[in-house]
Amino acid sequence: LDTTRPAWYKTPSGWAQMSLQVNEIFYSIQGESTFTGRPCVFVRLTGCNLRCRWCDTAYAFYDGETLTVEQVLERVRAYKCPLVEITGGEPLLQDEVHFLIDRLLVEGYEVLVETGGSLDVGRLDPRVVKIVDLKAPGSGMDRLNNLDNLQYLDRKDQIKFVVADRRDYEWAKRIMAEHALAEKAQVLFSPVFGELHPRELAEWILADRLPARLQIQLHKYLWDPNQRGV
């Protein structure tokens, strides 16, 4: 056994039988983050501890099937794509996700993990690209942000603010300044689809010369925004 792997890593027969509740696995164009535009395999896990007002994946709260780590890997391998994002819901609710991440890394995949920002990211393998969504007041979930997570981020990692209005923007700008976020990681601002026009957010960023990247949910412009699996 490779001694560089985490202490909780067992034997192949052990991790192969570990199971996860999986909402969906699909192949699409990455619509967010600095990886926007790249083909990506998405593993969406079931369950979330947050209830953001503007959530667009509420179907992942409960729906899903039980798959072993090996079954998930088999489906991912079939797409022959080197980029994999593990998302939700909230993927860190399932402790077995770390076994899946480890196997993906061992097999040479580039792994992104998108998390709602309320749970500890300290256990994530440092090779993973962490995409941490800090919840603005408009989401109704800002009280659950775990700012201790900021200590675990580096320059490859990303902090995302989803902004519904000017109040959310000013809040995010203040958090950026108070925690020197632009020095810790890459900072992304995303407008709530259908509520805030991307141009308006772009103008605010430019006016303030904010060291952040504007992103839109590209997949919602390429396909029907209510369509699943894209």
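The values are calculated or read from the model by the stated rules, or taken from the named source; none is laboratory data. Remember, predicted model here, so these are calculated numbers, not experimental data. Cβ atoms come from the backbone with ideal geometry, glycine included; neighbour counts cover every protein chain shown. Areas reflect the complete protein model, heavy atoms only, side chains present, ligands, DNA and RNA absent. Shrake-Rupley method; radii C 1.70, N 1.55, O 1.52, S 1.80 Å.
Data table
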item: Degrees separating the helix 97-106 axis from the principal Cα axis of the chain, which is the longest one; result: 80
item: Taking the chain and dividing mean pair separation by its residue count, relative contact order in percent (alpha carbons under 8 Å, at least six apart); result: 18
item: Rg(Cα)/(2.2 N^0.38 Å) for the stretch 32-114, N = residue count; result: 1.09
item: Two-decimal ratio, the chain, of alpha-carbon radius of gyration to 2.2 N^0.38 Å; result: 1.00
item: Pair-distance profile P(r), taking every C-alpha pair of the stretch 124-169, with 5 angstrom steps and integer %; result: 5, 20, 27, 20, 14, 10, 3, 0
item: Solvent-accessible ranking of ARG167, ARG77, ARG228, largest area first, probe 1.4 Å; result: ARG167, ARG228, ARG77
item: Surface accessible to a 1.4 Å probe, per residue, for the residues of the chain, Å²; result: 46
item: Local electrostatic count at HIS197 - Lys and Arg +1, Asp and Glu -1, tallied over other residues with Cβ under 13 Å; result: -2
item: Under 19 Å, Cα to Cα: Lys pairs in the chain, sequence gap 8 or more or different chains; result: 11
item: Isotropically averaged projected area of the stretch 64-103, using the convex hull of Cα atoms (one quarter of hull area), nm²; result: 3.0
item: Rough spin-label spacing in nm, given labels placed 7 Å along Cα→Cβ, for HIS179 and ASN49; result: 1.6
item: Alpha-carbon centroids, the stretch 83-129 and the stretch 183-204: separation in whole Å; result: 25
item: HN-Hα J in Hz across the stretch 196-209 - Karplus 6.51, -1.76, 1.60, θ = phi - 60°, x for Gly and Pro; result: 10, 5, x, 4, 5, 5, 4, 5, 5, 4, 5, 4, 8, 6
item: Net charge over other residues, Cβ less than 15 angstrom from the Cβ of ASN226 (K, R count +1; D, E count -1); result: -1
item: Additional length obtainable on full extension of the chain from GLU74 to ILE216, 0.36 nm per residue less Cα span; result: 48.0 nm
item: Over the stretch 96-230: Rg over Rh, Cα atoms, Kirkwood Rh; result: 0.98
